Protein chains: 4
Amino acid sequence: MGLTIGVDIGGTKIAAGVVDEEGSILETVTVPTPPTPEGVVDAIADAVKEVCSDDRRIDAVGVGAAGYVDDKRATVLFAPNIDWRHEALKDKIEQRVGLSVVVENDANAAAWGEYRFGAGQGHDDVVCITLGTGLGGGIIIGGRLHRGRFGVAGEFGHIRVVPDGLLCGCGSQGCWEQYASGRALVRYARQRAAATPENATHLLSLGDGTPEGIQGLHVSQGAKDGDPVSVDSFRELARWAGAGLADLASLFDPSAFIIGGGVSDAGDVVLEPIRKSFRRWLVGGLYRPHAQVLVAKLGGKAGLVGAADLARQG
Amino acid sequence: MGLTIGVDIGGTKIAAGVVDEEGSILETVTVPTPPTPEGVVDAIADAVKEVCSDDRRIDAVGVGAAGYVDDKRATVLFAPNIDWRHEALKDKIEQRVGLSVVVENDANAAAWGEYRFGAGQGHDDVVCITLGTGLGGGIIIGGRLHRGRFGVAGEFGHIRVVPDGLLCGCGSQGCWEQYASGRALVRYARQRAAATPENATHLLSLGDGTPEGIQGLHVSQGAKDGDPVSVDSFRELARWAGAGLADLASLFDPSAFIIGGGVSDAGDVVLEPIRKSFRRWLVGGLYRPHAQVLVAKLGGKAGLVGAADLARQG
Amino acid sequence: MGLTIGVDIGGTKIAAGVVDEEGSILETVTVPTPPTPEGVVDAIADAVKEVCSDDRRIDAVGVGAAGYVDDKRATVLFAPNIDWRHEALKDKIEQRVGLSVVVENDANAAAWGEYRFGAGQGHDDVVCITLGTGLGGGIIIGGRLHRGRFGVAGEFGHIRVVPDGLLCGCGSQGCWEQYASGRALVRYARQRAAATPENATHLLSLGDGTPEGIQGLHVSQGAKDGDPVSVDSFRELARWAGAGLADLASLFDPSAFIIGGGVSDAGDVVLEPIRKSFRRWLVGGLYRPHAQVLVAKLGGKAGLVGAADLARQG
Amino acid sequence: MGLTIGVDIGGTKIAAGVVDEEGSILETVTVPTPPTPEGVVDAIADAVKEVCSDDRRIDAVGVGAAGYVDDKRATVLFAPNIDWRHEALKDKIEQRVGLSVVVENDANAAAWGEYRFGAGQGHDDVVCITLGTGLGGGIIIGGRLHRGRFGVAGEFGHIRVVPDGLLCGCGSQGCWEQYASGRALVRYARQRAAATPENATHLLSLGDGTPEGIQGLHVSQGAKDGDPVSVDSFRELARWAGAGLADLASLFDPSAFIIGGGVSDAGDVVLEPIRKSFRRWLVGGLYRPHAQVLVAKLGGKAGLVGAADLARQG
């Protein structure tokens, strides 16, 4: 196989790109994400057709979608942000674009991208954590994506880390993504800035001056500048992220964890405390090899590249 | 391959058995577990030699041991109950018995036994939970035992379910096995009997009359007899067990869970509340197929049979 | 002193009543709660003037208000539902009605009402819990209302019972009122009905058929009718309420707890499990006298009667 | 009244001292704590008689004892360390020494001592926390010791701060003293030193080189020397201590907290983070006066001096 197309469905825009066997993106098209479920299907098809030029042969299309995708990689069982319930996405796109389509959970696609062409190269057993607005995950075991019997494995964000804890959009309580995600980071910063504004003068100055005005980028900047509340907020996030990695090590025992998503852009400000917390909570740490904790390399392209490559794998 | 030998190392006795390709045990030998680490090695070898009769050809030996076993299935990195640290168990036993030896984590061996010859037949993606004194686990993915990169995957008992929770023998806090295991069950019953003895008159009468005298078998019997504290203790255990299964479903997405170990002998008294709790906490339960929650079939033989079969697989 | 007026400021209406020395309400006036902070002040004054008839001498006015009231019982430091910040309520009302005014926290007023004329009669050390939409409290020590050095004691609803727990309107997390209150009860019922609708058919039929349509009265009715989800929801609430009472017993050591508020209208459906949970968690229960757990007697009138009586005490 | 005697019953020694009206100790006698319950009674009497010299008139004796003391201040209902159950300590000592005796909970006595002659001077509403091996407390409301209806108020150590948390000697789980006490401090340090020994080289060098050999004094010294694990251990203790103070402020609303006990000897190393944590968790902190968080002044003498003064009060 040669070239394939990867599609990434974001909250505000849909990106389609032609990807070669080395994971390089040759061309990209982005379109705004339409507000209706059917509109999104059309927009995906349009973007795919647009990115196909006459002089290149495309072998297949991989679509990364948030939510549950069935084990046939054809139907979106449930999407959190788009009103898709048992949506036969594969069939619909194939009919519109005339190419073979594979649908994949977006965090799985991103994990695959990092495994194949990013931080996971050289590892066969990798667990990827995407710390974006929420927390997503993907699992590579023995060089294969672990999708689970019904296609819905790797939903790390919703394991329960605090009994009777914070309400989650999924309807449950205490889900990991309530404690380790971009949204959690902002909550930590706002709570701390509200309780002790004198420790957050710099952070508050980066936004509109109020705790409610604090955004994720402010916290990242604040941490780099040494703002105490920002640093402490990253430390709190890292406390939960690292403890969760320790649990995943007990369960999956990978050779490496890859931390991606917007939060990971902060670099060592967040990576170093995550590594410390992981080490602190790893059970039996004196008697076992330790998985590495790596930062993702592909940034926001991981999902598109991964989806394209998964389509190539067939 | 034809016959293999499986070895199960228990706290009080070591069992070795000849197992055929259908998982039937043809002959068994048990010897007391010696108090010294080296004594255990000798006792394993002796038991293996004793169970080998002249008229049967044995192809290999599988040894199930509690603790971390390395990815080469040769060395016990750490054992919780025997003072083995980086113990080259495979080599030592092979030298003594003249047969090829495979070492495996005991809960992995039990999981494999159930997968091949017990409750897991017909499933390719199975997660097994052994509720014994502690909580052990084993993972089958796509018909293969998931051992992890370093051999120490599936340590379910030590994922953290309560931050800052109960101290665990592993040095960490809030480990799942402190809340879902035979030891937890007894603690629940003793605490409740101490706080409200009037609700535990029957349960107390099954032991020596004191809360401290309550043992696991008393709670099982009490629950069958309708003793309120016993029933409530199983319900508490099930609350934690089911919530943990829901997390494992989010992570692994198996088609079936198998619940084994001594606690599972109580049958529906514990299985039904576990199923309810699992259903209660399963994230996205309305939009995904549900894994079955099955009771183990092989009882205390699962580890021996599974170890023998893993040796056969080579 | 003879007659005094008590005022109760609710979310939808303000009630003013003339109360005699035996706690009997001779006359009541209710007016709608205005939307603006200043409008509420006017409405209180109007209601007080309206309930004053010519042929009765009124000695003083007691106003119960949600929020922090200062130690001089004059200023509302902070109100959660009305935009009062350092509001000189005593002065403003006195100027308008020409009577001496005392301002009191509404839960304190209700506690005092129950102590003097309700379930607390015969006790000198009483802790009252009001399980309404939220959770309020009042403390009587040695026959005196415990207001604290700054007037803000007895804020039971916001002690932390779950570290990193549910977000509270107060900005903190894990506050008791998120787990033991009318709002918590409804959440428990909705979560359970959503996860296992087959156990909530009766409860769902009492509302509009959806989990989101379940209201507190439905859960109370459902529990009386034996609906499993309703009963279980009350039990969950009671689990948290009773554990909190056990903590308050360790701190205050009263002779009685009084449980009031709308949730307590369910009677033994909620009281009995609270008593059991209290007993279960009471530390040192075998070696100390146990406080009684009583249900409030004055219903929704406790606050008005208590405020009037506190005004009488001067 | 003039001179009284205060008695402090410690785990290793019993101290009796003559105290004047200004809280000055004129003379002290200490004897080893006998191993039997009756032996302790005798030793108290002997120490009291020994400290009485001919030329001073003693008016009364106050005895501070760990455990529950009844509301008549006569009987120890339950002692955690001595096998006293409904022990009529007042009568027994009075018979032996011929003086009027008052028995008081030891943490209450220490709180009273600090209130009268130590850090609490000038405050009428004080909550004292003794961070010794465990966590004890005492409450002063309006200048009076709050003993509760049955004499057992102020048992701060056993309020539940973590549901399903650490086992406590009291039989319950998640008690505050498991997270904020000298014992907790040592546990924090040992756990951290075991998980990350490279961060604890200095701390480990203060003891015998092993995590298990770390004692409280080592952690105090280590923190003063800037050892990272020691500092982090104090911070963890302070996190829990401060959050608990915030709860006590919601309940009691004192003008000051006084932190005593051996842990408080570390001074600002522990006080400053406690103050920060208190401030962080105080509910409604922007709208209410804040209680001061003071360090105790009387050290190990607080209990003896307080018991003597309570005896004087009659």
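Can you tell me which residues in segment A:10-24 are more than 17 Å from A:Gln313 (Cβ to Cβ), of a type in the set (Val, Ile, Thr) and surrounded by 16 or more Cβ atoms within 10 Å (Cβ to Cβ)?
Residue satisfying the conditions is A:Ile14 alone.
Checking B:Asp124 against (1) within 12 Å of chain A (Cβ to nearest Cβ); (2) within 15 Å of the chain's Cα centre (by Cα); (3) of a type in the set (Asp, Glu): exactly one of these is not met. Which one?
Single failed check for B:Asp124: (2).
How many residues does segment D:15-70 contain that are in contact (Cβ under 8 Å) with a residue 60 or more places away in the chain and among the charged types (D, E, K, R)?
Residues in segment D:15-70 being in contact (Cβ under 8 Å) with a residue 60 or more places away in the chain and among the charged types (D, E, K, R): 4 in total.
Go through (1) within 11 Å of chain B (Cβ to nearest Cβ); (2) more than 17 Å from C:Leu167 (Cα to Cα); (3) in contact with a helix residue (DSSP H, G or I) (Cβ under 9 Å, 6 or more places away or on another chain) and name the single condition A:Cys170 misses.
The one condition A:Cys170 does not meet is (2).
Does any residue in segment C:175-195 that is away from every other protein chain (no Cβ under 11 Å) and of a type in the set (Val, Ile, Thr) come within less than 7 Å, Cβ to Cβ, of a residue that is assigned to a helix (DSSP H, G or I) and surrounded by fewer than 22 Cβ atoms within 10 Å (Cβ to Cβ) six or more places away or on a different chain, and which pairs are these?
That search, which allows pairs on different chains as well, returns C:Val186/C:Gly216.
If you go through segment C:53-80, how many residues are part of a loop (DSSP other than H, G, I, E, B) and under 21 Å from C:Val29 (Cβ atoms)?
Number of matching residues: 6.
Which members of segment B:27-84 meet the condition of being among the basic types (Lys, Arg), surrounded by fewer than 17 Cβ atoms within 10 Å (Cβ to Cβ) and in contact with an Asp or Glu (Cβ under 9 Å, 6 or more places away or on another chain)?
Residue satisfying the conditions is B:Arg56 alone.
It is to be established whether one or more residues within segment B:90-105 are surrounded by 23 or more Cβ atoms within 10 Å (Cβ to Cβ), out of contact with any Leu (no Cβ under 8 Å at 6 or more places or on another chain) and not β-branched (Val, Ile, Thr).
Within segment B:90-105, one or more residues are surrounded by 23 or more Cβ atoms within 10 Å (Cβ to Cβ), out of contact with any Leu (no Cβ under 8 Å at 6 or more places or on another chain) and not β-branched (Val, Ile, Thr).
Out of segment A:181-199, which residues are within 30 Å of A:Glu155 (Cβ to Cβ) and part of a helix (DSSP H, G or I)?
A:Gly182, A:Arg183, A:Ala184, A:Leu185, A:Val186, A:Arg187, A:Tyr188, A:Ala189, A:Arg190, A:Gln191, A:Arg192, listed by residue number.
Out of curiosity, is B:Leu294 out of contact with any Pro (no Cβ under 7 Å at 6 or more places or on another chain) and part of a helix (DSSP H, G or I)?
No: the conditions fail for B:Leu294.
Quick one: is D:Gly157 among the small types (Gly, Ala, Ser), in the same structural domain as D:Gly262 (by TED's automatic domain parsing), free of Cβ contacts under 8 Å to residues at least 40 places away in the same chain and not in a strand (DSSP E or B)?
For D:Gly157, the condition - among the small types (Gly, Ala, Ser), in the same structural domain as D:Gly262 (by TED's automatic domain parsing), free of Cβ contacts under 8 Å to residues at least 40 places away in the same chain and not in a strand (DSSP E or B) - is met.
Got a sec? Which of D:Val186, D:Val162 is hydrophobic (A, V, I, L, M, F, W, C), crowded, with 23+ Cβ neighbours inside 10 Å and assigned by TED's automatic domain parsing to the domain that holds D:Pro273?
D:Val162 is the lone residue from the list that is hydrophobic (A, V, I, L, M, F, W, C), crowded, with 23+ Cβ neighbours inside 10 Å and assigned by TED's automatic domain parsing to the domain that holds D:Pro273.
Out of the residues in segment A:279-314 that are surrounded by 19 or more Cβ atoms within 10 Å (Cβ to Cβ) and of a type in the set (Lys, Arg), state the one that is farthest from the other protein chains (Cβ to nearest Cβ).
Filtering first and then ranking leaves A:Lys301.
Is it fair to say A:Gln221 is more than 23 Å from B:Phe156 (Cα to Cα), assigned by TED's automatic domain parsing to the domain that holds A:Ser264 and not β-branched (Val, Ile, Thr)?
yes
Step by step: first the residues of segment D:238-275, then only those that are within 16 Å of C:Arg160 (Cβ to Cβ) and of a type in the set (Phe, Trp, Tyr), then the one that is farthest from the other protein chains (Cβ to nearest Cβ). Which residue is that?
Looking at residues that are within 16 Å of C:Arg160 (Cβ to Cβ) and of a type in the set (Phe, Trp, Tyr), I get D:Trp240.
Of all residues in segment A:259-291, how many are aromatic (Phe, Trp, Tyr) and assigned to a loop (DSSP other than H, G, I, E, B)?
0
Does segment C:250-257 include one or more residues that are among the hydroxyl-bearing types (Ser, Thr, Tyr) and closer than 18 Å to C:Ile140 by Cα?
Scanning segment C:250-257 turns up at least one residue that is among the hydroxyl-bearing types (Ser, Thr, Tyr) and closer than 18 Å to C:Ile140 by Cα.
For a quick check of your reading of the model, give me the residue pairs whose first member lies in segment C:210-229 and is touching a residue at least 40 places away in the same chain (Cβ under 8 Å), whose second is hydrophobic (A, V, I, L, M, F, W, C) and in a loop (DSSP other than H, G, I, E, B), with beta-carbon atoms closer than 6 Å and at least 6 apart or on different chains.
Going by the 6 Å Cβ cut-off, the qualifying pairs are C:Val229/C:Ala200.
Considering only segment A:127-152, how many residues are within 11 Å of another protein chain (Cβ to nearest Cβ) and either at positive phi or more than 14 Å from the chain's Cα centre (by Cα) (or both)?
11
Please go through segment C:225-239 and pick out each residue that is of a type outside the set (S, T, N, Q) and either under 11 Å from C:Ala180 (Cα atoms) or surrounded by fewer than 24 Cβ atoms within 10 Å (Cβ to Cβ) (or both).
Once the filter is applied, which keeps residues that are of a type outside the set (S, T, N, Q) and either under 11 Å from C:Ala180 (Cα atoms) or surrounded by fewer than 24 Cβ atoms within 10 Å (Cβ to Cβ) (or both), segment C:225-239 yields C:Asp225, C:Gly226, C:Pro228, C:Val231, C:Asp232, C:Phe234, C:Arg235, C:Glu236, C:Leu237, C:Ala238, C:Arg239.
Please work out which one of (1) at pLDDT 95 or above; (2) buried (at least 24 other Cβ atoms within 10 Å of the Cβ) is the condition C:Ser172 fails and give its number.
Status for C:Ser172: all satisfied but (1).
For segment D:112-134, does any single residue satisfy the condition of being touching a helix residue (DSSP H, G or I) at 6+ places or on another chain (Cβ under 7 Å), without any contact (Cβ under 8 Å) to a residue 60 or more places away in the chain, outside the structural domain of D:Ile9 (by TED's automatic domain parsing) and surrounded by 24 or more Cβ atoms within 10 Å (Cβ to Cβ)?
Looking for residues that are touching a helix residue (DSSP H, G or I) at 6+ places or on another chain (Cβ under 7 Å), without any contact (Cβ under 8 Å) to a residue 60 or more places away in the chain, outside the structural domain of D:Ile9 (by TED's automatic domain parsing) and surrounded by 24 or more Cβ atoms within 10 Å (Cβ to Cβ), one finds at least one in segment D:112-134, hence yes.
The values are calculated or read from the model by the stated rules, or taken from the named source; none is laboratory data. Values in this document were obtained by computation on a predicted structure and should not be read as measured data. With ideal geometry, Cβ positions are generated from the backbone for all residues, glycine too; neighbour counts draw on all protein chains shown.
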